[in-house]
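> Input: one structure, supplied below.
Values quoted throughout were computed directly from the atomic coordinates according to the rules given, and no laboratory measurement underlies them. This structure is a prediction, so every number in the text was calculated from the model and none was measured. Cβ coordinates were reconstructed from backbone atoms using ideal geometry, including for glycine residues, and neighbour counts include every protein chain displayed.
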Amino acid sequence: MGGDIVHRLTFISPRKVEVFHLRALQLDYAAYNYEELHTVNNITYDTCQNPATQVGLFANLDEVEIYLPESIAFYYALYHLHCLFAQLIVDLPAPALEWWEKYQEELSADHTERFSTADQAYLEVLRGIKHLLTPRGSNLSNVGLPDPRQRMNELDIE
């Protein structure tokens, strides 16, 4: 039966830093043992993150910060932006509160016409993001975002 072998690779979140970088090294570099995998230019590192960065696998860590602004620039549907935002803040070591403060107007554009104040629109978006985080085993406070109060009633909206 020899020939090509196909393996199934499971997703590893970048938040599991050591395992994520170990897998990246294993995919790109042949090594016979653990020490070889941790050695670059005759320097042996304690973690997998350092050699992975040294060989250029993760040379530009700022690439993550390109996704959301690029998606906004290309007029993605707002629900998709909410999903992307939720994915980025759960899977990547992203500064959620910083991103929220920077892009809250764009993320809440679909709610600004429905509510009398921007703060009410922001709270509604945070509720939506909260629901996107829950199935992924996270919540707003885990990622550093404020947890909105209970849903406003029609009288509050008016």
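> Given points 7 Å out from each Cα along the Cα-Cβ axis, report the residue 42 to residue 55 separation in nanometres with one decimal.
For residue 42 paired with residue 55, the spin-label model returns 1.9 nm.
> Once both labels are modelled 7 Å past Cα along the beta-carbon direction, what's the residue 34-residue 17 spacing in nm?
1.9 nm
> Calculate, for residue 114 and residue 4, the FRET efficiency according to 1/(1 + (r/R0)^6) with r their C-beta to C-beta distance and R0 41 Å; round to the nearest 0.05.
0.15
> On to the next question. Give the peptides 18-30, 35-47, 79-91 in descending order of average Cβ contacts within 10 Å, highest first.
Result, highest mean Cβ count within 10 Å first: 79-91, 18-30, 35-47.
> Counting each pair of different Cα atoms once, what's the Kirkwood radius of segment 45-134 in Å, rounded to one decimal? Provide the component values of the computation, followed by the final result.
Details: mean 1/r = 0.0687 Å⁻¹.
After inverting the pairwise mean of 1/r, the radius is 14.6 Å.
> Where does each of 113-120, 101-108 land if you order them by average Cβ count within 10 Å, highest first?
Ranking, from highest mean packing down: 101-108, 113-120.
> Does segment 83-131 come out rounded, prolate or oblate by the C-alpha gyration tensor, with a ≥ b ≥ c the root eigenvalues, rounded set by a/c under 1.5 and, if not, prolate when a/b is larger than b/c and oblate if not?
Details: a/c = 2.65, a/b = 1.95, b/c = 1.36.
Prolate, since a/c reaches 1.5 and a/b exceeds b/c.
> Residue by residue through segment 125-138, what is 3J(HN,Hα) from phi via Karplus (6.51 cos²θ - 1.76 cosθ + 1.60, θ = phi - 60°)? Round to whole Hz and write x for glycine and proline.
Per-residue couplings from phi come out as 5, 4, 4, x, 5, 4, 5, 6, 6, 4, x, 8, x, 10 Hz.
> For residue 75 and residue 147 in the same chain, what is the full-extension length gain: residue separation times 0.36 nm, less their Cα-Cα distance, in nm?
Taking residue 75 through residue 147 to full extension adds about 23.2 nm, to one decimal.
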